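Only one structure is covered here, and it is reproduced in the block below.
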């Protein structure tokens, strides 16, 4: 397809990449309507956002699901929900990407069963399950089981799909979330490649040894089915080089480690969602140009172009985007693909010394870092190391922004602004999920349970447990999983059955190892304040930092925890996924002076008052501060509920937040303000 | 604003009212002068002199290098003590069972997780709590994270007092510290039983043991037994090293391999080993030694070497302590030593200790 000797152009214009919008909220029915509208607008694939209970294996009526049902995605509790979600969408033709990890096997099973109902056999299904559990331990937090059985589930899914759902991408190895957690390009490449190695090794162990050399042939197919889900930040030249570097490393890995030879299997295939970390709450319209430039990073050079793209919306730092906001992002893709001449040329960086130099630099850095991960015993064993490295990178990034060394237009530079008409409407320019959704879904799942043939469900779950217990057997977990989906089991029941066998797990927090911030003048001042407060209180000021609900995006909470230590406080960092009762019990037992809570999933309206209530019941009377994606109009109600202060993405100066928190503690103890 | 009532808190602990524990810990950790007076009153109420016997709780030190799997192990042990091990421990001599306040059966457990403090800021990140599974509605469990304070591998004076107080109320008091060597020695000072946790393949503990850098613990726990061969080999190597150190017979250190993740293995064996060790101790002697050592340490941290000299040196201080009533708690012992220097300074006129 490349151009002839004389023309710099392709003989035939390339077909555009697949265009998707990460979408889903409230209920299966509402999301189905949204999908159909999006497809009518020219979107060419689906990208399903599941709510946090579904992602972590909880039914809507579970205590941990409180406040989270239908918030950041669609609740899918059983096969009936999946059928409603895909109603009227021909699954034989559609290409569906599902952002699902710990419960990926289950959601794929529901999808297979929903397709059966449409008369579509599993061989014809096309799409992707994200299914990268290591990055959940590192960055995203929606894991459900300990590492070893999680890897077994993934390996089984890959083995199953390669044989029975051959067009399915069973795993999207994610570098995306690593960048969101603060990874540098080198870390992003090295850790995602190391994750892929861990997965491939696990599959090789599961299917390999398969006597007759069939295992080896299968390994080529397995390698060919692994795709990546990457990120692109606003430094779009370097970001493009990163993707070229990943392609080279991937091919090398296939050849050298897994003996893959078929060039089709060796191709580096990736989908992308561009960076959300760099999107600002301040002057949010600037995010549009950031998104456009990031889209260029993944499309500019033909030899490293994305297969599928989804773009975030301009208002992600404000709250959940509305259909109109998402349409705007889809239109960015369409202008790029259909109006510009981007798709008319062969690779425009071929022969570029600058690009090649950048690529070489990244490859060398990544190789060195991959060697460190390998020394730790591979990606699974190196989770604590990688987590700590990410927390540290993110800390450095924030310090650079605070110091103004890294410019963020509208946030730390050029901050004078007119008021924005975009956020002027009543809801502040975001989507607000009707709180009645949760109650509706609870009723619905209970009705579903009451209506089905319980004996069949019990038998299917018992079979699932049996296979799960047989650790060394070659029986594939997908088989009883699909049977349970067909029988009408729920997401919570499937996950609970496996939790009972596999145990539950809490990932390392990475905060303990984070290096200390360089002591600057401001920090020194705060340490003085902490010391004087300690004299008055008798003990060092102690803060509890934690995340209520199921939201696993812990970057913000981790940075607050690290900085609180750096100003001299004793910090109890509780990690993610806490119930209000757990937070209250910890606050009581730990004897803290202040509590910091972080929520990004939009469930603050329910969860924060619930925490305050639980504290009250436990007899703990300490100030509570809240940080996260909190829309402007929710700030006052939270303060009325008893919250001492609310911080949002525009409060990027963490040292300032620390100084505030100390003042709040002083006031509570009747100590005069620091001068 | 009236402060906490130390004597009342101490009485409640004595009666196994576990809900008094958080406030008691706040008080014991405080260095404010008024709080320290109340802390003395609290400790008096739970001292052997008032109790009529040693505090009944079993004080267990758990230490080991980072990443050895301590938190997961403690989660499994906690679960065992609270539920699984309830009826199997009839041999336990003095449990505080039957206090009726804990919501589950089994033994009540307090865990003090000690993390190092930053040398830069003095602050600390106490991350372990996040990794120990607990049921927030179970009032029979208390988990408290504490900072080690300024000294490397040390225990803050508040932690030492806290252990004494909690042992009056809880059946089991665990002190978890990070590290091998120094840290382990400090824990050994306050615990009845010390378990060192290592992961398979960690040669450094083996080397420390052989070189005598670390004291021989009462139990050596090899985690991640599910790793198979390598765990078995580690266990074998450690046993061999212990034998070569001449540790044998019934009191020898047990080496136990555990898998804290399902299928859980070895936790019951470990719990039994801890109980057996405790049963083999002369608890009155052990605790008395601990209290006197703590008192000396706290006195030194308050008054420095100069303070010690004005008592006539470390040996003289030790001798003074040994003459005291064995029922006195460590704070009372510190007070005795302080009275001695006051007397001496009075006699000598205007010399200011520590000036």
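General observations
- Qualifying residue in the range A:343-356 (condition: under 29 Å from the mean Cα position of the chain (by Cα) and either at pLDDT below 95 or within 20 Å of residue A:271 (Cα to Cα) (or both)): no
- Selected residue [at pLDDT below 95 and either crowded, with 16+ Cβ neighbours inside 10 Å or out of contact with any helix residue (DSSP H, G or I) (no Cβ under 7 Å at 6 or more places or on another chain) (or both)] from A:471, A:444: A:471
- Filtered residue count, the range A:490-511, keeping only those that are within 11 Å of chain B (Cβ to nearest Cβ) and out of contact with any strand residue (DSSP E or B) (no Cβ under 6 Å at 6 or more places or on another chain): 12
- Which listed residue, of B:297, B:321, is in contact with a helix residue (DSSP H, G or I) (Cβ under 7 Å, 6 or more places away or on another chain), under 23 Å from residue B:165 (Cα atoms) and not assigned by TED's automatic domain parsing to the domain that holds residue B:149: B:321
- Close contacts from the range A:289-307, counting a first residue that is in the same structural domain as residue A:351 (by TED's automatic domain parsing) and under 16 Å from residue A:250 (Cβ atoms) and a second that is at pLDDT 95 or above and assigned to a helix (DSSP H, G or I), with Cβ to Cβ under 6 Å and a gap of 6+ residues or different chains, come to A:301/A:240; A:304/A:243; A:304/A:244; A:304/A:247.
- Of all residues making up the range A:604-643, the number that are without any contact (Cβ under 8 Å) to a residue 24 or more places away in the chain and either under 27 Å from the mean Cα position of the chain (by Cα) or crowded, with 17+ Cβ neighbours inside 10 Å (or both): 1
- Matching residues, the range B:285-328, being surrounded by fewer than 16 Cβ atoms within 10 Å (Cβ to Cβ) and outside any helix (DSSP H, G or I): B:312, B:313, B:323, B:325, B:326
- Scanning the range A:1-31 for residues that are within 22 Å of the chain's Cα centre (by Cα) and closer than 27 Å to residue A:604 by Cα returns A:21, A:22, A:23, A:24, A:25, A:26, A:27, A:28, A:31.
- If the condition is being farther than 21 Å from residue A:439 by Cα and either outside the structural domain of residue A:76 (by TED's automatic domain parsing) or surrounded by 20 or more Cβ atoms within 10 Å (Cβ to Cβ) (or both), then the range A:23-43 contributes A:23, A:35, A:38, A:43.
- The set of residues from the range A:527-560 being assigned to a helix (DSSP H, G or I), more than 18 Å from the chain's Cα centre (by Cα) and more than 9 Å from chain B (Cβ to nearest Cβ) comprises A:528, A:529, A:532, A:533, A:560.
- Check on residue A:288, touching a helix residue (DSSP H, G or I) at 6+ places or on another chain (Cβ under 8 Å) and under 23 Å from residue A:244 (Cα atoms): no
- Check on residue B:24, buried (at least 21 other Cβ atoms within 10 Å of the Cβ) and within 10 Å of chain A (Cβ to nearest Cβ): yes
- Residue match in the range A:512-524 (condition: buried (at least 21 other Cβ atoms within 10 Å of the Cβ), modelled with pLDDT of 90 or more and within 11 Å of chain B (Cβ to nearest Cβ)): no
- On the stretch given as the range A:363-397, residues that are touching a residue at least 40 places away in the same chain (Cβ under 8 Å) and outside any helix (DSSP H, G or I) total 4.
- Residues in the range B:110-146 that are over 21 Å from residue A:503 (Cβ atoms), part of a loop (DSSP other than H, G, I, E, B) and within 7 Å of chain A (Cβ to nearest Cβ): 5 in all.
- Subset of the range A:565-597 [touching a helix residue (DSSP H, G or I) at 6+ places or on another chain (Cβ under 6 Å), within 7 Å of chain B (Cβ to nearest Cβ) and under 18 Å from residue B:28 (Cβ atoms)]: A:572, A:588, A:589, A:591
- Residue B:39 surrounded by 24 or more Cβ atoms within 10 Å (Cβ to Cβ) and out of contact with any strand residue (DSSP E or B) (no Cβ under 8 Å at 6 or more places or on another chain): yes
- Residue in the range A:109-132 that is surrounded by fewer than 23 Cβ atoms within 10 Å (Cβ to Cβ), within 14 Å of chain B (Cβ to nearest Cβ) and not in a loop (DSSP other than H, G, I, E, B) present: no
The values are calculated or read from the model by the stated rules, or taken from the named source; none is laboratory data. The structure displayed is predicted, hence computed values, not measured ones. Positions of Cβ are generated from backbone atoms using ideal geometry, with glycine treated the same way; all protein chains shown enter the neighbour counts.
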